[in-house]
Amino acid sequence: MKRTLTSRFLSKLLRPSNLKRTLFFVLIDILLSYWTLLLAWHLRYSFEVPLELNIKLICAFCMIIGLKTSMLLVFRIYLVPWRFFGLSEALKILYAHLIAYLLAILCFTALDFWNVLPLSVVVVDCIISNIIIGCVRISKRIVIENLPRSSPHATLIFGADMQAANVIKSALSGEIPYYPVAIIDSHKVNWGSYISNLRIYPFSACAELIQAQHITSAILTKEFAKPPLEDIFQKLSELGISDIKIAQTLSEGNEHKEQPLKDISIEDLLSRPAKDLNKDVIANFIAGKVVLVTGGGGSIGSEIARQCQFFGAKKLILLDHSEYNLYAICEEITTAIPVMMSILDKERLNALLNATKPDILLHAAAYKHVPLCEDNIQSAIENNILGSKNVIDCAINAEIPKIVIISTDKAVRPTNIMGATKRVVELYAQNVVAHKSEIVAVRFGNVLGSSGSVVPKFKAQIQAGGPLTVTHPDITRYFMLIPEACRLVLQAASIAQGGEIFILDMGQPVKIVDLAKNMLKLYHREDIPIVFSGLRPGEKLYEELLIDSSEQKTEYDSIHVARPTQYDITKLQNDIAELLHTTDKISKLREIVVEFSHKTYKEDKVETGTK
């Protein structure tokens, strides 16, 4: 029992704390300072004149030691653990010494202490003390960095930047269970140089390093959180490295201290750098404005709401017919005004817009899932066409300055009901008499992680043990991160003059089967098969973003404008009215959208899969 109590007491006594660390280093510095003063004295007199202590000399010693300790306290040196000592701390020790000894010289001059302690001794002591105290501080870090490594997580770091230095520092301090053995960088100028005692190699050296150093993990710095991330991921997977992490920003105020590393995700692999995102333009467009978002609880609408809040909207009104979605986003954005209603209720919608008078209306309310729209044609036409027409008409009536319609790549040469309905809305937005309003449509492809999209579907299938179902081996889709898409929507709207269809540059299309394979690698479930289930009704192999190649460029490379399509607005209004009541809705849609080619087939399921 006594032994247990003793061990607990010792454990508590030896447990690090700021107070214990400060007391320890203060005591060490006092002893070192006295020793360096003795050494400085003997060096000054070539070890021939012994030091004889008297009251004035003791006071001089105490004054130097006291001033030095005080300055080290002022520069917070005593709060820095041994393992974190670096260049910035060494500079602080130098500054503390210079100030302390300058004050000591002033005090000695005022008190006439130079007759007992020569100025040369003070200067020599300043130099020796700075070196000795700095060496003591860095000693533990030098020992730790040169200890033999026994951790099972020998690691490659990708990216020779400040983030790499932070990762190494975290590894040495024990914050992360990895130890780096080498750094990989794409810049030839860095090859052969070192960061924190680790050599920098080209990418071609990966295979040799992994084999020679028995490397099992990789940490990618912030520099590699975008392409060429996928190339690195594929190469490492081929070399047997499955434990791949991305370093979060370790240097910015310990923002991610609890989780300095995160697992690489499919969103990381598919994301891309925002080429010409202009936050100032978006801020000028949104700041101080009243903004209303229809479909404000959906994947796109809720992110647009977040961006509007971020860029300083004066008032945010979120309209949605889903109680739960509206509740969820308003719990997050507590200042938003929730409006629970359907855009099919034209009378209430008209009253709302006239009462709130928003400066900007962003219309993101729509049925978007192709199979559901194929099975519910009447509902898809009512919600997507009639509902959007209600929004546009009521917004024009309320003289809303800017009306932004969210469209889709499926509106280009549509093969399904959803795409055809969105194309009708584009035609209406382009040709309606807008009076005092400016109406613009923004078209983009799939966004990563939206409700019902392929990434959440694959995640659920992997968690259920598979198989992963892909409709066709050659099917491709464009992908964009939701925040990037929504910011580009706002940026496009800011330069709109009315009547345009803006097209966002979605980058290169992605093969869905490759996406599925990468997700299996990320989840370490390559044993799960991929089954090809056949194209669904209305589904394309390849999505398009343009009707033809006659789009116009804007000042931003990632935003283009489609050639306008003329359609007599009176005829279009009559055609929409007829579409809502006719029994042959497919034929009427083909009449309105001449490029609509409805695909109702469903390919036979492919029984053989792939791993």
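The values are calculated or read from the model by the stated rules, or taken from the named source; none is laboratory data. Please read all numbers here as calculations on a predicted model, not as lab measurements. Neighbour counts are summed over all protein chains in view; Cβ atoms, including those assigned to glycine, are modelled from backbone coordinates with ideal geometry. The area values use the complete protein model at the heavy-atom level, side chains included, leaving out ligands, DNA and RNA. Shrake-Rupley method; radii C 1.70, N 1.55, O 1.52, S 1.80 Å.
Descriptive notes on the structure:
- For the range 25-39, the set of residues classified as open to solvent by 40 Å² or more (accessible area, probe 1.4 Å) and either of a type in the set (A, V, I, L, M, F, W, C) or outside any helix (DSSP H, G or I) (or both) consists of Leu27, Ile28, Ile30, Leu31, Trp35, Leu38, Leu39, listed by residue number.
- Selected residue [out of contact with any Asp or Glu (no Cβ under 7 Å at 6 or more places or on another chain) and either under 30 Å from Glu175 (Cβ atoms) or without any contact (Cβ under 8 Å) to a residue 40 or more places away in the chain (or both)] from Leu106, Leu57: Leu106
- Pair list, Cβ under 7 Å, 6 or more apart: the range 553-569 residue touching a residue at least 40 places away in the same chain (Cβ under 8 Å), other residue assigned to a strand (DSSP E or B) and open to solvent by 60 Å² or more (accessible area, probe 1.4 Å): His560/Gln552; His560/Lys553; Val561/Gln552
Residues are listed down the side, and each one gets a yes or a no for (1) open to solvent by less than 60 Å² (accessible area, probe 1.4 Å); (2) basic (Lys, Arg); (3) touching a residue at least 40 places away in the same chain (Cβ under 8 Å); (4) not in a helix (DSSP H, G or I):
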{"position": "Gly312", "(1), (2), (3), (4)": "yes, no, no, yes"}
{"position": "Ser342", "(1), (2), (3), (4)": "yes, no, yes, yes"}
{"position": "Ser379", "(1), (2), (3), (4)": "yes, no, no, no"}
{"position": "Ile403", "(1), (2), (3), (4)": "yes, no, yes, yes"}
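- The range 391-401: number of residues that are closer than 21 Å to Thr570 by Cα and either open to solvent by 10 Å² or more (accessible area, probe 1.4 Å) or of a type in the set (Phe, Trp, Tyr) (or both): 4
- Positions within the range 344-375 being within 25 Å of Val447 (Cβ to Cβ), open to solvent by less than 50 Å² (accessible area, probe 1.4 Å) and either of a type outside the set (Gly, Ala, Ser) or out of contact with any Gly (no Cβ under 7 Å at 6 or more places or on another chain) (or both), in sequence order: Pro358, Ile360, Leu361, Leu362, His363, Val370, Pro371, Cys373, Glu374
- Top-ranked residue in the range 14-24 [being open to solvent by 70 Å² or more (accessible area, probe 1.4 Å) and either in contact with a His (Cβ under 6 Å, 6 or more places away or on another chain) or in a helix (DSSP H, G or I) (or both); ranked as modelled with the lowest pLDDT]: Leu14
- Qualifying residue in the range 199-213 (condition: part of a loop (DSSP other than H, G, I, E, B) and at pLDDT below 80): no
- Restricting attention to the range 40-87, the residues being in contact with a Phe, Trp or Tyr (Cβ under 7 Å, 6 or more places away or on another chain), more than 18 Å from Ala100 (Cβ to Cβ) and not in a helix (DSSP H, G or I) number 1.
- Residues that are open to solvent by 40 Å² or more (accessible area, probe 1.4 Å) and more than 23 Å from the chain's Cα centre (by Cα), drawn from the range 470-485: Pro473, Asp474
- Filter result for Asp320 (open to solvent by less than 50 Å² (accessible area, probe 1.4 Å) and within 30 Å of Gly288 (Cβ to Cβ)): yes
- Considering Asp393, Asp375, the condition of being closer than 22 Å to Gly538 by Cα and of a type in the set (D, E, K, R) is satisfied by Asp375 alone.
- Boolean, Ile495 is closer than 30 Å to Gly465 by Cβ and modelled with pLDDT of 85 or more: no
- Filter result for Lys521 (more than 27 Å from Val454 (Cβ to Cβ), open to solvent by less than 60 Å² (accessible area, probe 1.4 Å), in contact with a helix residue (DSSP H, G or I) (Cβ under 9 Å, 6 or more places away or on another chain) and charged (D, E, K, R)): no
- In the range 244-265, the condition of being over 16 Å from the mean Cα position of the chain (by Cα) and at pLDDT 80 or above is met by at least one residue.
- The single condition among (1) touching a Ser or Thr at 6+ places or on another chain (Cβ under 7 Å); (2) modelled with pLDDT of 85 or more; (3) under 23 Å from Lys20 (Cα atoms); (4) not β-branched (Val, Ile, Thr) that Arg83 does not meet is (2).
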